Amino acid sequence: MSEVKTRDKMVDVLVQAGIKQMFAFPGLGVSWLAPAFYERRDELQVILGRSEQSTSIMAQAYGRMKDAPGVFMAQGPWAVTTGAFGCLEAFFSGTPMMFMCDTSDYDGMGAYGVYQSMTGDYGAGDAKASLQHLCKYTSMATKPEEAIFGMQMALKHCNTPRKGVGAMIFRTDYVREDYPAVTKGTIYDTPNYLLYTPPYPSIEAMDKLAEMINQAKRPVVLAGFGARQSGAGEALFKLANELGIGVVTSTNGKSIIDETSTVCAGTLGGFGGTKASHRLLAEADMVLMLGASLGADYTRFRDPGMIRPGSQKLVQVDIDPRNASWVVPVDLPITGDCKDVVEYLLAKKLDASQKEARFEWITKLKERNKYDEVMSFETAPGKVHYVDVFNALNRYMTADDLLVTDAGNNSIWCKHIIRCRFPGNYITPGGTGAMGWGAPAAVGVKVACPDKRVTMVAGDGGFMMTQDAVATAVQFNQPITFVVLNNSGLGMVRDNQVNNKVYCDFEYINFAEMAKGMGAEGVQVDSTDTFMDALGASHDSNKVTVIEVALDPEARHAEATDMGSLIL
């Protein structure tokens, strides 16, 4: 018999794959795995979350920032239910995440309908069926060698385009048993399973694209998360400035380039998008869509005036050929990495003779639509408007900062006001737009980027859902500043109900005192100046801090909404 336990072999897979951090919430089989992880703690750190929901979000956000698998592990029934939150964002945004859970069958007799069992037998829940619709790959391992191979394949598939979730579900009983000395199939070491060479885009197609750009009078790039994920930002910024190409972004693509530059007209989206971005796209005679899904959230629910097959030349670059002509038919689909395409165009030295005319068009359009205007609103005494917070953050943020947002009104105003000067410093749940993502995501972001200052902004509704992330940040010494915009209610729900506001108000919660109870610093502010002071002090202190902002409950998202007519 082998003296190696199955759980030791499972940890080996993660270490061989180069995984340095993972996120877990133990229970049953995961608890039985824990000793093996503890023995390898110098090679692989386990971040212990306070709920399956928060823990899965941490793993997803970590994977997003690293562009490598964020590993989540929890007990079966709760992993595939509340823990599916992180999977949803990974699925919709295309970020790499590995999901591990057990079947919670205790003694291996799931067919008896065992308490908590997720084997899929009669009388049991079905973990695999619960996960498959969110995963690129799902393995149900019934014996030790299947668990090892299933982990290897989950890691492989979650990190190959289009990225997403790879899952391995294991039977509970065998993880603490000996690993068999002889297996039915040969199990090889992990690294070579993970090798992948992406296809290079067609030269002929890229040459055709180059000619289309040369002929266009008003070319615009719509950069999505795929372009940002590929690392195309630097090359795109250079290409746009060399040729006078306008740039707009999806929600998740925001901050791919400097948004204060001449070529950028900001982020799309009826809720929070800029008027300039919508009209720049509508006036374009040629649109190059880079890694963009054309989601309803940022195309004003697929406004037919913004992207118009037949009257605009449309080109779509995507790593997955299935995404080309998915939402609208295009003139030229290109399969490949966005960065490869942009760098090819740069090297080709396209015709720059129209650059000044294009710059003039972009500049005048931005002026007409007040792109650079700094908004301000009167508020009740002792209250702060969303605009005050995000104008302050605009001034505060440097290349050393990362801004994480939650969903809701805070996210709408953040997208509308913030002009990201530094590539990659804006992180938001653009895949799902789900409340409760922000706080645990900030922990995952900080773990992935320890040298950056991380600030998270959420409303009180979203923050309350996952405020346990503050305790995790304290325990694992992750100095994050959590900004809670407290208007004691669901702001977006209030706004949408207009004059019939019901089921949207909460009793006041003192989040500053709550933070202190979890071992963090807690501060309350009621003006822009005190907010700026608290923000600077929180980062200078290098401590986990919750800044509770007295938000004006009369502040609405209407002024950050643009569903108006597009004038061509």
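Below are the figures for this structure:
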read-out	value
Cross-chain or 6+ apart pairs with Cβ under 9 Å, region 83-103 first and hydroxyl-bearing (Ser, Thr, Tyr), then part of a strand (DSSP E or B)	95/70; 95/165; 103/119; 103/140; 103/169; 103/170
Residue in region 184-197 that is surrounded by the most Cβ atoms within 10 Å (Cβ to Cβ), counting only those that are within 25 Å of the chain's Cα centre (by Cα) and assigned to a loop (DSSP other than H, G, I, E, B)	196
Counted residues, region 268-298 - those being without any contact (Cβ under 8 Å) to a residue 40 or more places away in the chain and either assigned by TED's automatic domain parsing to the domain that holds residue 412 or farther than 21 Å from residue 236 by Cα (or both)	1
Any hit, region 198-206, residues being within 18 Å of residue 5 (Cα to Cα) and within 30 Å of the chain's Cα centre (by Cα)	no
Condition check for residue 46: among the β-branched types (Val, Ile, Thr), surrounded by fewer than 24 Cβ atoms within 10 Å (Cβ to Cβ) and touching a Lys or Arg at 6+ places or on another chain (Cβ under 7 Å)	no
Tally, over region 87-101, of residues that are outside any helix (DSSP H, G or I) and of a type outside the set (Gly, Ala, Ser)	7
Any hit, region 230-241, residues being closer than 30 Å to residue 150 by Cβ, small (Gly, Ala, Ser) and in contact with a Cys (Cβ under 7 Å, 6 or more places away or on another chain)	yes
Region 165-189, subset in contact with a Leu (Cβ under 7 Å, 6 or more places away or on another chain) and of a type outside the set (Gly, Ala, Ser), residue modelled with the highest pLDDT	165
Test: residue in region 419-427 that is within 19 Å of residue 54 (Cβ to Cβ) and crowded, with 23+ Cβ neighbours inside 10 Å	yes
Strands (runs of 3 or more DSSP E) contained entirely in region 451-568, each with at least 1 residues that are of a type in the set (Ser, Thr, Tyr) and crowded, with 16+ Cβ neighbours inside 10 Å	453-459, 480-486, 545-550
Any pair with Cβ under 6 angstrom, 6 or more apart, that starts in region 136-155 at a residue that is surrounded by fewer than 21 Cβ atoms within 10 Å (Cβ to Cβ) and ends at one that is of a type in the set (S, T, N, Q)	145/183
Count - residues of region 209-229 that are in contact with a Cys (Cβ under 8 Å, 6 or more places away or on another chain) and part of a loop (DSSP other than H, G, I, E, B)	0
Lone qualifier among 544, 502, 549, 525 - being of a type outside the set (Lys, Arg), at pLDDT 95 or above and either over 26 Å from the mean Cα position of the chain (by Cα) or in the same structural domain as residue 271 (by TED's automatic domain parsing) (or both)	525
Residue check for residue 73: aliphatic (A, V, I, L, M), more than 18 Å from residue 36 (Cα to Cα) and either buried (at least 20 other Cβ atoms within 10 Å of the Cβ) or over 17 Å from the mean Cα position of the chain (by Cα) (or both)	no
Qualifying residue in region 102-109 (condition: buried (at least 24 other Cβ atoms within 10 Å of the Cβ) and assigned to a helix (DSSP H, G or I))	no
Conditions (1) under 27 Å from residue 121 (Cα atoms); (2) over 21 Å from the mean Cα position of the chain (by Cα); number of the one not met by residue 83	(2)
Test result for residue 387, β-branched (Val, Ile, Thr), assigned to a helix (DSSP H, G or I) and out of contact with any strand residue (DSSP E or B) (no Cβ under 7 Å at 6 or more places or on another chain)	yes
Tally, over region 453-512, of residues that are of a type in the set (Asp, Glu), touching a residue at least 24 places away in the same chain (Cβ under 8 Å) and farther than 25 Å from residue 49 by Cβ	1
Residue, nearest to residue 144 (Cα to Cα), within region 6-43, restricted to residues that are of a type in the set (Phe, Trp, Tyr) and without any contact (Cβ under 8 Å) to a residue 40 or more places away in the chain	37
All positions within region 382-393 that are surrounded by 17 or more Cβ atoms within 10 Å (Cβ to Cβ) and farther than 14 Å from residue 539 by Cβ	383, 384, 385, 386, 387, 388, 389, 390, 391
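Residue by residue, here is whether (1) of a type in the set (Phe, Trp, Tyr); (2) within 19 Å of residue 380 (Cα to Cα) holds:
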{"position": "486", "(1), (2)": "no, yes"}
{"position": "496", "(1), (2)": "no, no"}
{"position": "511", "(1), (2)": "yes, no"}
{"position": "526", "(1), (2)": "no, yes"}
{"position": "529", "(1), (2)": "no, yes"}
{"position": "533", "(1), (2)": "no, no"}
{"position": "547", "(1), (2)": "no, no"}
{"position": "556", "(1), (2)": "no, yes"}
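The values are calculated or read from the model by the stated rules, or taken from the named source; none is laboratory data. Keep in mind that what you see is a predicted model, and the values were worked out from it rather than measured. Every residue, glycine as well, gets a Cβ built from its backbone with ideal geometry; the counts of neighbours run over all protein chains shown.
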